[in-house]
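Reviewing the structure listed below.
The values are calculated or read from the model by the stated rules, or taken from the named source; none is laboratory data. Since this is a predicted model, take the numbers as computed values, not measurements. We place every Cβ from the backbone using ideal geometry, glycine too, and count neighbours over all the protein chains shown. Accessible surface areas use protein heavy atoms only, side chains included; no ligands, DNA or RNA. Shrake-Rupley method; radii C 1.70, N 1.55, O 1.52, S 1.80 Å.
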Amino acid sequence: MKSPLLSLPGAVPAEGVDEGVAAHYGELFREQRALADGSGFVDLSHRGVVTVSGEDRLSWLHLLLTQHVSELPPHQATEALVLSAHGHIEHALYLVDDGERVWAHVEPGTQGALIAYLESMKFFYRVEVADRTDEFAVVHLPAGSIAEAPEGVMVRETPYGRDLFLPRADLEPYAGKNGPAAGLLAYEALRVEQHRPRLGFETDHRTIPHELGWIGSAVHLQKGCYRGQETVARVQNLGKPPRRLVFLHLDGSEVHLPPHGTELRLADEGPEGRKIGFVTTSVRHHELGPVALALVKRNVPVDARLMADSTAAAQEVVVSP
């Protein structure tokens, strides 16, 4: 779904899974600084929007999701995962309840598979699941923003900012009154700085929540059964995850950033050394320079110097080994 805000001056379209919104509007670092200062907004209208209504919605979702939501107060934001039977991450939901329905935004293009799974689990519960992506656009206001949400618009407020579920017809008028717009690259740079994982970027087909630090924020350890819980409990109580998320400071002399999937090796072992992980997201930050998130094997020493292809990288611990 192509955003009308791609017609704004300087807009450069994003690619891949983020196609449909602007990567930037011509001034990447200015856009980052504006967001860091609490100004402007980010067009996330390519993300999927799903609602769940009905009197059983919270108790029903509580049985399916990794988060404790059976008593979720209205207007309190949370996030949750859907796991496979083996505990691997399949979906990430960013939730808020308005007292009558749960609103969630999800990764672009994943809402169909999510809704299919939810529909298959309805049984006798009094719930209605709906794809609202065609009707509502997600708009992000950064932390510290004093912009007011339009009356009647559902807001999901977090420490990182506010997500608005804005009627799509109101997207252009909203942008005209609340600019400047910042592109997705600026938003992603701050996400990487904050060590926040993203489905499909920091995850692959075998990622479990412990590897990314999603325990607590998206996974509640003191709740009843849900699909994949056995793996979560086993790793939490008896072992350690096989991989861990790290934050990388990349060599600033390199012209190109290592793309998603770039193999990581120990610098001491040279270019033919064993693979010990891979880059998940790399960005240029307005203060930190080139940085990245990556997944590495748990037993990689925390002070080990790494190489992302030909780019030197120093790591910071995000998930403890």
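Computed values, structure above
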| item | result |
| --- | --- |
| Residue among 127, 106 that alone is under 13 Å from residue 45 (Cα atoms) and crowded, with 16+ Cβ neighbours inside 10 Å | 106 |
| All positions within the stretch 258-292 that are within 27 Å of residue 208 (Cβ to Cβ), in a loop (DSSP other than H, G, I, E, B) and out of contact with any Phe, Trp or Tyr (no Cβ under 7 Å at 6 or more places or on another chain) | 258, 259, 273, 274 |
| Some residue of the stretch 51-70 being part of a helix (DSSP H, G or I), under 30 Å from residue 221 (Cα atoms) and aromatic (Phe, Trp, Tyr) | yes |
| Cβ-Cβ under 9 Å pairs, at least 6 apart or on other chains, the stretch 15-26 side within 17 Å of residue 190 (Cα to Cα) and free of Cβ contacts under 8 Å to residues at least 60 places away in the same chain, far side in a loop (DSSP other than H, G, I, E, B) and open to solvent by 50 Å² or more (accessible area, probe 1.4 Å) | none |
| Members of the stretch 192-212 found to be in contact with a strand residue (DSSP E or B) (Cβ under 8 Å, 6 or more places away or on another chain) and either modelled with pLDDT under 95 or of a type in the set (Lys, Arg) (or both), listed by number | 198 |
| The stretch 304-321 residues that are farther than 10 Å from residue 248 by Cβ and in a loop (DSSP other than H, G, I, E, B), paired with ones that are of a type in the set (S, T, N, Q) and open to solvent by 70 Å² or more (accessible area, probe 1.4 Å) (beta carbon under 7 Å, 6 or more apart) | 321/299 |
| Test: residue in the stretch 133-143 that is open to solvent by 20 Å² or more (accessible area, probe 1.4 Å) and out of contact with any Lys or Arg (no Cβ under 9 Å at 6 or more places or on another chain) | no |
| Answer from 35, 28 - the residue that is closer than 19 Å to residue 145 by Cβ and touching a Leu at 6+ places or on another chain (Cβ under 8 Å) | 35 |
| Of all residues in the stretch 10-41 being in contact with a Phe, Trp or Tyr (Cβ under 7 Å, 6 or more places away or on another chain) and in a loop (DSSP other than H, G, I, E, B), the one that is surrounded by the most Cβ atoms within 10 Å (Cβ to Cβ) | 11 |
| Residue within the stretch 213-232 that is open to solvent by 40 Å² or more (accessible area, probe 1.4 Å), part of a strand (DSSP E or B) and either modelled with pLDDT of 95 or more or under 25 Å from residue 309 (Cβ atoms) (or both) present | yes |
| Subset tally (residues that are of a type in the set (Ser, Thr, Tyr) and open to solvent by less than 30 Å² (accessible area, probe 1.4 Å)) for the stretch 54-94 | 3 |
| Filter pass, residue 246 being open to solvent by 20 Å² or more (accessible area, probe 1.4 Å) and of a type in the set (A, V, I, L, M) | no |
| Residue match in the stretch 94-115 (condition: among the charged types (D, E, K, R) and either assigned to a helix (DSSP H, G or I) or at pLDDT below 95 (or both)) | no |
| Test: residue in the stretch 86-99 that is in contact with a Lys or Arg (Cβ under 6 Å, 6 or more places away or on another chain) and more than 27 Å from residue 286 (Cα to Cα) | yes |
| Condition met for residue 175 (small (Gly, Ala, Ser), assigned to a helix (DSSP H, G or I), within 14 Å of the chain's Cα centre (by Cα) and buried (at least 18 other Cβ atoms within 10 Å of the Cβ)) | no |
| Where residue 125 falls short, out of the listed (1) assigned to a strand (DSSP E or B); (2) over 16 Å from the mean Cα position of the chain (by Cα) | (1) |
| Qualifying position, being under 22 Å from the mean Cα position of the chain (by Cα) and over 24 Å from residue 168 (Cα atoms), among 51, 78, 66 | 66 |
